[in-house]
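**Student:** One structure is given below, represented as structure tokens, and several questions about it will come after.
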């Protein structure tokens, strides 16, 4: 009888220790795009980590369409997912959808792009402001403290706002380097037109800061078209195509490098920790690197 009681106790202890966390969580993920290598890597990392942790994953791609993203979030709510991981298309426009999820007792974690005006469980992202500061300081140094600069922007996304604000701060250390143009160019095609317009309006433009790889790569093409071989172009993201371009293109001098694989892994791990009742940090920053090529 004592042996049976002991066996029962061991089985109960095993279940309490391991079985309590054996529930398969269902997590909904909405990413703003899959047309950029950064988000392809981010999605791959999320899927891989989810598989490792036995998480049931529902992944949707908003394709930079806020209405689709809101619809996807509402679908997650109907499905009663345990948690939503979100990369907002529009940092302010996604407020109502997040509030609706919270009303349904579904916690939300943001990754890469923050939500503005609404609280989430945790935000996991590159320290975009710090990366922008690094880009601004580097631009000022490369221009020897004097010149004119343009910025290709994406102001609807808070992470880009942080990058540009950081760039301005970094550039302020060389006050004789002036920003003469800030224009929005979200897609690669739009960024190309913006860069061409900048170079037409300012033929002697000395530098361009692109908010992402696509913007910077478009600026490189625009500079070639007007034979401006001395301009300094700095990008942000640091995916494979951009790093290779920094290696071979004279005008593409550097790219601030993010680590989407790390962001994806941390996002899923943070979600599981929260669902398991652990305390998680409201902001989890990931320090970016700087890639200056093999020239």
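**Student:** To the nearest 10 degrees, how steep is helix 66-79 against the longest Cα principal axis of the chain, on a 0 to 90 scale?
**Tutor:** 10 degrees
**Student:** Same structure again: Segment 134-150 to segment 31-94: how many Å between their Cα centroids?
**Tutor:** Result: 36 Å between the Cα centres.
**Student:** A follow-up question, please. Output the relative contact order of the chain, whole-number percent, from Cα pairs under 8 angstrom with separation of 6+ residues.
**Tutor:** 17 percent
**Student:** Restricting to DSSP H runs of at least four residues, report the calculated mean residue ellipticity at 222 nm for the chain, -39500 (n - 2.57) per run over all residues, nearest 500 deg cm²/dmol.
**Tutor:** The per-residue figure over the chain is -15000 deg cm²/dmol.
**Student:** Does segment 130-206 come out rounded, prolate or oblate, given a ≥ b ≥ c as the square roots of the eigenvalues of its C-alpha gyration tensor, rounded meaning a/c under 1.5 and, failing that, prolate meaning a/b above b/c?
**Tutor:** oblate
**Student:** Evaluate the distance, in nm, between pseudo-label points positioned 7 Å from the Cα of residue 290 and of residue 104 along their respective Cα→Cβ axes.
**Tutor:** The modelled label-to-label distance comes out at 4.5 nm.
**Student:** Another question about this same structure. Distances over 13 Å make up what percent of all Cα-Cα pairs in segment 80-124?
**Tutor:** Tail of the P(r) past 13 Å holds 45 percent of the pairs.
**Student:** Under the Kirkwood approximation for Rh and a Cα-based Rg, what ratio Rg/Rh is obtained for segment 183-224?
**Tutor:** Looking at segment 183-224, the ratio lands at 0.91.
**Student:** Could you please rank 110, 174, 187, 134, placing first whichever residue has the fewest other Cβ atoms within 10 Å of its Cβ?
**Tutor:** Placing the least packed residue first, the sequence is 187, 174, 134, 110.
**Student:** I've got another one for you. Rounded to the nearest 0.05, what FRET efficiency is calculated for residue 184 and residue 63 with R0 set to 22 Å and r the Cβ-Cβ distance?
**Tutor:** E between residue 184 and residue 63, to the nearest 0.05, is 0.75.
**Student:** Taking neighbour Cβ counts within 10 Å as the exposure measure, how do 252, 38 sort from fewest upward?
**Tutor:** 38, 252
**Student:** What order do you get for 102, 249 when you list them from fewest to most C-beta neighbours inside 10 Å?
**Tutor:** Ascending Cβ contact count within 10 Å gives the list 102, 249.
**Student:** Mind checking which of 165, 153, 281 has the largest fluctuation in a GNM of the chain, springs on alpha carbons under 10 Å?
**Tutor:** 281
**Student:** Another question, if that's okay. Out of all DSSP beta bridges in the chain, what portion is antiparallel? Express it as a percent rounded to 5.
**Tutor:** 5 percent
**Student:** Sticking with the crude label model, points 7 Å out along Cα→Cβ, report the distance from residue 165 to residue 23 in nm, one decimal please.
**Tutor:** Distance between the two pseudo-spin positions: 3.7 nm.
**Student:** Any idea what angle helix 158-171 forms with the longest principal axis of the chain, computed on alpha-carbon atoms, 0 to 90 degrees, nearest 10?
**Tutor:** It works out to around 40 degrees.
Each value in this text was obtained by applying a stated rule to the coordinates, not by laboratory testing. Quantities reported herein were computed from a predicted structural model and do not represent experimental measurements. Here Cβ is always computed from backbone atoms with ideal geometry, including for glycine, and neighbour counts include all displayed protein chains.
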